[in-house]
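S.K.: First the structure, then my questions, so here it is.
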Amino acid sequence: MLEGRVALVTGAGKGIGRAIAMELAAQGARVVVNYNGSEEKALETVRLIEEAGGEAWAVKCDVSDFDSCGELAKKVTEKYGGLDILVNNAGITRDGLIMRMSEEDYDKVLDTNLKGAFNTIRHFSPGFLKRRSGKIINISSVSGVLGNAGQANYSASKAGLIGLTKSVARELASRGICVNAVAPGFIETDMTKSMSDKAREAVIDSIPMRRTGTVEDIARTVAFLSDAASDYITGQVLCVDGGMAI
Ligand code: NAP
């Protein structure tokens, strides 16, 4: 259980981020619900947590902006005295074949998905080091493990997150800080809902368990990696994908 802990979940207004925020709050953590564009959705996440008896606070921050992440760290530290759990969940896609992918679409995805995680880790790590404890969980993807046609930018960002996870895990392990990645497979959210039925069927055919995942499948895994039950686990990539990456 996570009583007394403070957690930050980036991009927690909807989808996987909202489910993670709700699960951590249900286990007793006070949760900072980060959003960038979707204030109403973030406030809805806060309301859902409060209705369930938990505590949450919505804070705007564009994770791709280094200085804004510094301000976020300052605000969180001022309000709660520090952070125990950092979940880098914010992410976007700008899919396209490599021959047609624009520089802007490449940069935008890398800036949000990969640099965003660097930005928060960079600003929150001094606090973790001072407390000699902490859990950092980066939401990667099966696309970062296997690659995926039409997602060169996204796969590069998610594979980069794995390298970032392993390197930071090595740097912070001796100070009691665990850094792990979760690599979801195909999860039903806004990110995946625009897919055609044909493409969806093809994906399901490639999943050994023959079903898509739920946001709760990911949230429960993140809760485990946030808890003392996983204190001897660091630098790992947990694929939560129905067997896609076997
Ligand atoms: P989603 O429903 O599209 O939600 C993405 C979230 O990221 C939104 O809440 C969005 O908030 C936030 N976000 C985007 N840019 C941001 C920025 N610059 N700063 C702060 N927040 C930002 O996507 P999802 O499916 O829940 O995905 C969540 C994570 O899981 C992503 O990292 C994604 O790559 C990963 N993932 C998803 C799947 C899947 O099948 N769905 C599979 C593997 C990995 P705003 O609207 O406020 O900007």
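S.K.: Can you confirm whether region 93-100 contains a residue that is β-branched (Val, Ile, Thr), over 25 Å from residue 131 (Cα atoms) and either crowded, with 22+ Cβ neighbours inside 10 Å or within 13 Å of the ligand (Cβ to nearest atom) (or both)?
M.R.: Taking every residue of region 93-100 in turn, at least one turns out to be β-branched (Val, Ile, Thr), over 25 Å from residue 131 (Cα atoms) and either crowded, with 22+ Cβ neighbours inside 10 Å or within 13 Å of the ligand (Cβ to nearest atom) (or both).
S.K.: Among the residues of region 67-79, are any within 24 Å of residue 194 (Cα to Cα) and either of a type in the set (D, E, K, R) or crowded, with 24+ Cβ neighbours inside 10 Å (or both)?
M.R.: no
S.K.: Looking only at region 1-40, how many residues end up being over 22 Å from residue 74 (Cβ atoms), touching a helix residue (DSSP H, G or I) at 6+ places or on another chain (Cβ under 8 Å), away from the ligand (no atom under 13 Å from the Cβ) and in a loop (DSSP other than H, G, I, E, B)?
M.R.: The total comes to 2.
S.K.: When only residues in region 205-236 that are open to solvent by 50 Å² or more (accessible area, probe 1.4 Å) and not in a loop (DSSP other than H, G, I, E, B) count, which is farthest from residue 6 (Cα to Cα)?
M.R.: For region 205-236, the residue satisfying everything is 205.
S.K.: Any residue in region 47-65 that's open to solvent by 70 Å² or more (accessible area, probe 1.4 Å): show its pairings with residues that are more than 8 Å from the ligand (Cβ to nearest atom) and part of a loop (DSSP other than H, G, I, E, B) at Cβ separation under 9 Å, as long as the two are six or more apart or on different chains.
M.R.: Listed pairs, sorted by first residue: 55/29.
S.K.: What pairs come out if I take residues in region 25-39 that are under 15 Å from residue 89 (Cα atoms) and pair them with residues that are among the hydroxyl-bearing types (Ser, Thr, Tyr) whose C-beta lies under 7 Å away, six or more apart or interchain?
M.R.: Once the first residue is under 15 Å from residue 89 (Cα atoms) and sits in region 25-39, its partners that are among the hydroxyl-bearing types (Ser, Thr, Tyr) give 33/45; 34/10.
S.K.: May I pose another question? Just one of (1) open to solvent by 20 Å² or more (accessible area, probe 1.4 Å); (2) within 18 Å of the chain's Cα centre (by Cα) trips up residue 198, so point out which.
M.R.: (2)
S.K.: Within the set of pairs 6 or more residues apart or between chains, which connect a residue that is more than 7 Å from the ligand (Cβ to nearest atom) inside region 179-198 to a residue that is open to solvent by 70 Å² or more (accessible area, probe 1.4 Å) with Cβ atoms less than 6 Å apart?
M.R.: Note: pairs meeting the criteria are 180/236.
S.K.: On the basis of being assigned to a helix (DSSP H, G or I) and touching a residue at least 60 places away in the same chain (Cβ under 8 Å), does residue 106 make the cut?
M.R.: no
The values are calculated or read from the model by the stated rules, or taken from the named source; none is laboratory data. Nothing here was measured: the structure is a model prediction, and the numbers come from that model. Positions of Cβ are backbone-derived with ideal geometry, glycine not excepted, and every protein chain shown enters the neighbour counts. All accessible areas refer to the heavy atoms of the entire protein, side chains included, with ligands and DNA or RNA removed. Shrake-Rupley method; radii C 1.70, N 1.55, O 1.52, S 1.80 Å.
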